[in-house]
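Below: the structure, in structure tokens.
Readers should treat all values here as calculations from the given coordinates under stated rules, not as data from a laboratory. As the structure is a computational prediction, the values presented were derived from the model and not from experiment. No Cβ is skipped: glycine too gets one built from the backbone with ideal geometry, and neighbour counts run over all protein chains shown.
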Amino acid sequence: MTMRQRIDVDLDELDQIIERSTRGPLSESEGQKLKTALHAMAEKLERKRSTEKTSAVLPPDAASAGKAETGESAPAGHGRHGAAAFTGANRVSVAHATLHPGDRCPECREGKVYRQKEPATLIRFVGHAPLEATVFEMERLRCNACGQVFTADEPETAGAEKYEETAVAMIAVLKYGTGVPFQRLERLQEHLGMPLPATTQWDLMAAAAKRILPGRKGSTAAKGEHHSKMAGKRASETAKPRRVFGQRQKNVSRRALCR
């Protein structure tokens, strides 16, 4: 096993050598020192990554074989997803604070900058309740003379229904898609400060089912009628060959008796 030679590099001394080289030839010792530093840096850049502990204990062949085995078994990606995988995420475009397409490059002052096709991405997760509630506070004004109260109009964004279709759909997905019981969702919503009783969830599901059942009943009845027709057709088709087969058997037996 060959031990690597330790080389101490003084950056200030190397800078002085390089500056002297611009004014005149270097001495043999200075040239050798600069050459040694350059070779050391090149060797460090070209050296492959390896575990020193493994390479020190095992021979080169065994160490390379171990690396190959670990490389095959290691899962690709390590569970990380790129920005393109987040199809349902909110996307916010952030413009550069000082530069615009077509501006002069602030670095070289010669070229112009242009917008790249792929922007730099940054992913951030935030936590929300499964169902979020919004409280609209409409201002009320009261006359101190007649006592009349004037209330601000409801905003259009509030909508007409207390529970939007998206909330009903989320409850259905949590209950029947992922198996979250009504009571568990009730506790979670209460802990997050947005109570939603289990009885209310059930009433919302029952009301939604009534809107779905008429179409489902019609399709079920049509399917039942189709199945009954097919069953009757199969029964009629299977009954005919049996009668013919029985008649043939009788004819064969009669001929045998006549002989």
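Laid out as a table, the results:
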read-out	value
Length gained when the stretch Q16-A169 is fully extended (0.36 nm per residue, less Cα-Cα span)	47.8 nm
Estimated FRET transfer efficiency (N90, D203; beta-carbon r; R0 30 Å; 0.05)	0.45
Added length on full extension, which subtracts the Cα-Cα distance from 0.36 nm per residue, C143 to L213	20.1 nm
Rg over Rh, two decimals, segment 117-187 (C-alpha only, Kirkwood Rh)	1.22
Ascending count of other beta-carbon atoms within 10 Å, so fewest first, for I171, I212	I212, I171
Charge tally in the Cβ shell below 12 Å around I123, where Lys, Arg are +1 and Asp, Glu are -1, I123 excluded	+3
Order of E13, E118 under a 10 Å beta carbon neighbour criterion, fewest first	E118, E13
